[in-house]
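The values are calculated or read from the model by the stated rules, or taken from the named source; none is laboratory data. Bear in mind the structure is a predicted one, so any value in this text is a computation, not a measurement. Heads up, the Cβs are rebuilt from the backbone with ideal geometry, glycines too, and the neighbour counts pull from every protein chain shown. Calculation scope for accessible area: heavy atoms of the full protein, side chains included, ligands and nucleic acids excluded. Shrake-Rupley method; radii C 1.70, N 1.55, O 1.52, S 1.80 Å.
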Amino acid sequence: MLETGFRTLNLDAAVLRALEEMGFEEPSPIQAEAIPPLLEGKDLIGQAQTGTGKTAAFAIPVLQRLSPDATRPQALVLAPTRELALQVAEEFAKMGKYLRVRELALYGGSPIDRQIRALRAGVQVVIGTPGRVMDHIERGTLKLDQIKSFVLDEADEMLDMGFIEDIEMIMSHLPPERQTVCFSATMPEAIARLTQRYMRDPVRISIARQELFAPQIEQAYFEIRERDRVEALSRILDHEAVSRGIIFCRTKRGCDEVASALQARGYLAEAIHGDLNQAQRNRVLSRFKEGQLELLVATDVAARGLDVENVTHVINFDIAQAPESHVHRIGRTGRAGKEGTAFTLIHPREFRYLKFIEKATKSQIPRRNVPTPSDVAERALELLGQSIGTAVARGAGRDARFSDLAARLLDEHDPQQLVAALLSSVADPKGTAVGTAVGTAEAGRRRPTGPADAYDFPETGAEKGYVRLFMNLGSRHRVRPADFVRTIAQEADIPGGLIGAIDIHENFTFVEVPRDVGTTVLDAMKNASIQGRSVHAEPAKPAH
Ligand code: AMP
């Protein structure tokens, strides 16, 4: 339950229920500041970028101010791009789920007739790009006389894209008694002028008011594509050999999903968030403290007041919603003079916000490339070498049984060849998998794979060294990435960590696996089932 945060904001039960379902634990700083004045109907200028929760900051109050029976649009949001318009529409749909709100995204490139039909059928919230919205106004297909709330989202980007005149034209069609909201990352002169002309006594908010000092620990960011987030995370975890890390996610649901995807790939990971009761929370924490868990997957709320030492890595799976929380998160590592590292996964859309965090914290966050499968493989060998070195230093193998055999083998074989043969029996053919012989946590996860396959795959459009497989189950069958990882790992007896990008569509899924286990996986899937359904797998066609 939402015991804090959103409950204090006077929200409708229907909105609270949707937020709970989305896994939001508490309002982000921009939401906490923007929602109350917006609910009162005030105008507002917010300085905030993607990643701060700005969309919900205006969507929640806009939704709550709608009258349920009106059929003409009551809220209009202008956004610079089709992607953003769709993203905002989706956020409205999720948050308005129990208010039965109808929203519509209007953007160029989509058939105008369909948009006209949808408008005629009645929508309450319109989210559009300025060009297409103008088009509908001119055609008389979009009526703005009942607009109560008007939002400019990413105003500076719309300005940069040359939309300022369209925006002014659109504003001249709005009823004077309306709420005007403007979100922008920066405040260029032209936007400031626009707000002065069209806004009444606006409330101004911005998320960085105090000076912040980032702790002196190593930081880096990795640019990722949305669907590769988990894959990138697991490669980073392997490459860095993270043994005690905290992974931050935005929502409770996100934590659960990431934790189970990691578990399926063989990591010792557990989620920790506000839905756990005290006993569950304590159990997870003590397992982490005792080293039985490698990774905690936490929300900001859950991590608050967390008393854990020796955290080697903090990984922001989702970027923090305010510079303050970024600083707070990364301060969980590198304590008491120990070394610590903080990584942030960044979608290109959030890039501006990363720069803003750098500025607010007066620190530079360098970029690193997500390790490739061969980087990971190389590193696995390096780690294997290190752990053997440690084992030797600890006196492992002094037992007479082993040392006698060793003496005999050394007599019979070339020493280099002998050691190489031993290594290859604990590492898989590509060196990505380290067998259990060495006895580290890493080793337990990486089981050796079967022999390399002979099957010659056609070009399937996969990443280098991988083949893309088509599987006939998708989101409508309620399958999740973890289901594929678990099933493939079990049936084909390969380490889950070897499985690459998983791209779930409605009716089917593409799964990338290393080329040399492609046939093994295809064969193994013949008898497999996921969520009680049998799976059909075949090499993907490159056209996909
Ligand atoms: P935005 O800054 O609006 O682009 O939002 C970035 C992401 O944060 C979106 O995926 C939102 O669904 C998510 N988000 C927004 N508010 C919250 C919140 N209070 N708690 C968790 N996630 C949030």
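A compact table of results
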{"item": "Filter result (part of a loop (DSSP other than H, G, I, E, B) and in contact with a strand residue (DSSP E or B) (Cβ under 8 Å, 6 or more places away or on another chain)) within the stretch 309-318", "result": "V311, T312, F317, D318"}
{"item": "Within the stretch 335-352, tally of residues that are of a type in the set (K, R) and either within 17 Å of the chain's Cα centre (by Cα) or outside the structural domain of S243 (by TED's automatic domain parsing) (or both)", "result": "2"}
{"item": "Pairs where the first residue, in the stretch 456-480, is acidic (D, E) and the second is open to solvent by less than 60 Å² (accessible area, probe 1.4 Å), C-beta under 9 Å, 6+ apart", "result": "E463/T372; E463/P373; E463/G500; E463/A501; E463/E512"}
{"item": "Checking G51 against (1) at pLDDT below 95; (2) over 31 Å from the mean Cα position of the chain (by Cα), the condition it does not meet", "result": "(2)"}
{"item": "Neighbours by Cβ (under 6 Å, 6+ apart or cross-chain): first from the stretch 306-332, within 19 Å of E358 (Cα to Cα); second open to solvent by 30 Å² or more (accessible area, probe 1.4 Å)", "result": "D318/R250; A322/P29; P323/A208; S325/D300; G331/P215"}
{"item": "Which listed residue is in contact (Cβ under 8 Å) with a residue 60 or more places away in the chain and assigned by TED's automatic domain parsing to the domain that holds R480, from T509, T520", "result": "T520"}
{"item": "Scope the stretch 17-48; condition among the aliphatic types (A, V, I, L, M) and over 23 Å from the mean Cα position of the chain (by Cα); matching residues", "result": "A34, I35, L38, L39, L44, I45"}
{"item": "Near pairs, Cβ below 7 angstrom, 6+ apart or cross-chain, from the stretch 88-107 (at pLDDT below 95 and of a type in the set (V, I, T)) to any residue that is outside any strand (DSSP E or B) and buried (at least 22 other Cβ atoms within 10 Å of the Cβ)", "result": "V101/L63; V101/F92; V101/Q124"}
{"item": "The stretch 297-334, subset of a type in the set (S, T, N, Q) and more than 18 Å from the chain's Cα centre (by Cα), residue farthest from the ligand (Cβ to nearest atom)", "result": "N310"}
{"item": "Yes/no for R65 being in contact (Cβ under 8 Å) with a residue 40 or more places away in the chain, closer than 28 Å to N316 by Cβ and not hydrophobic (A, V, I, L, M, F, W, C)", "result": "no"}
{"item": "Failed item, numbered, when V242 is tested on (1) assigned to a loop (DSSP other than H, G, I, E, B); (2) touching a residue at least 40 places away in the same chain (Cβ under 8 Å); (3) within 21 Å of L212 (Cβ to Cβ)", "result": "(3)"}
{"item": "Condition check for V62: away from the ligand (no atom under 11 Å from the Cβ), under 22 Å from T195 (Cα atoms) and not small (G, A, S)", "result": "yes"}
{"item": "Filter result (within 14 Å of the ligand (Cβ to nearest atom) and open to solvent by less than 70 Å² (accessible area, probe 1.4 Å)) within the stretch 243-296", "result": "F248, C249, T251, K252, G254, C255, V258, H273, G274"}
{"item": "Selection status of A56, outside any loop (DSSP other than H, G, I, E, B), near the ligand (Cβ under 10 Å from one of its atoms) and either touching a residue at least 40 places away in the same chain (Cβ under 8 Å) or buried (at least 22 other Cβ atoms within 10 Å of the Cβ) (or both)", "result": "yes"}
{"item": "Residues satisfying the stated conditions in the stretch 335-360, i.e. of a type in the set (D, E) and either in contact with a Cys (Cβ under 8 Å, 6 or more places away or on another chain) or within 13 Å of the ligand (Cβ to nearest atom) (or both)", "result": "E350"}
{"item": "Among the residues listed as G41, G46, the single one being open to solvent by less than 50 Å² (accessible area, probe 1.4 Å) and away from the ligand (no atom under 15 Å from the Cβ)", "result": "G41"}
{"item": "Subset of the stretch 3-34 [of a type in the set (A, V, I, L, M, F, W, C) and more than 10 Å from the ligand (Cβ to nearest atom)]", "result": "L9, L11, A13, A14, V15, L16, A18, A34"}
{"item": "Positions within the stretch 446-481 being among the charged types (D, E, K, R), modelled with pLDDT under 55 and over 17 Å from L423 (Cα atoms), in sequence order", "result": "D453"}
{"item": "Failed condition for S67, given (1) surrounded by fewer than 24 Cβ atoms within 10 Å (Cβ to Cβ); (2) of a type in the set (G, A, S); (3) within 12 Å of the ligand (Cβ to nearest atom)", "result": "(3)"}
{"item": "Lone unmet requirement of (1) crowded, with 21+ Cβ neighbours inside 10 Å; (2) touching a strand residue (DSSP E or B) at 6+ places or on another chain (Cβ under 6 Å) for Q321", "result": "(2)"}
{"item": "In the stretch 374-394, residue farthest from K464 (Cα to Cα) [restricted to those that are loosely packed, with under 15 Cβ neighbours inside 10 Å and of a type in the set (S, T, Y)]", "result": "T390"}
{"item": "Condition met for A271 (in contact with an Asp or Glu (Cβ under 8 Å, 6 or more places away or on another chain), part of a loop (DSSP other than H, G, I, E, B) and either in contact (Cβ under 8 Å) with a residue 60 or more places away in the chain or assigned by TED's automatic domain parsing to the domain that holds A232 (or both))", "result": "no"}
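Per-residue answers, yes or no, for (1) among the hydroxyl-bearing types (S, T, Y); (2) surrounded by fewer than 17 Cβ atoms within 10 Å (Cβ to Cβ); (3) within 21 Å of L66 (Cα to Cα):
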{"residue": "P111", "(1), (2), (3)": "no, yes, no"}
{"residue": "R117", "(1), (2), (3)": "no, yes, no"}
{"residue": "Q124", "(1), (2), (3)": "no, no, yes"}
{"residue": "R132", "(1), (2), (3)": "no, no, no"}
{"residue": "L142", "(1), (2), (3)": "no, no, yes"}
{"residue": "Q146", "(1), (2), (3)": "no, yes, yes"}
{"residue": "S149", "(1), (2), (3)": "yes, no, yes"}
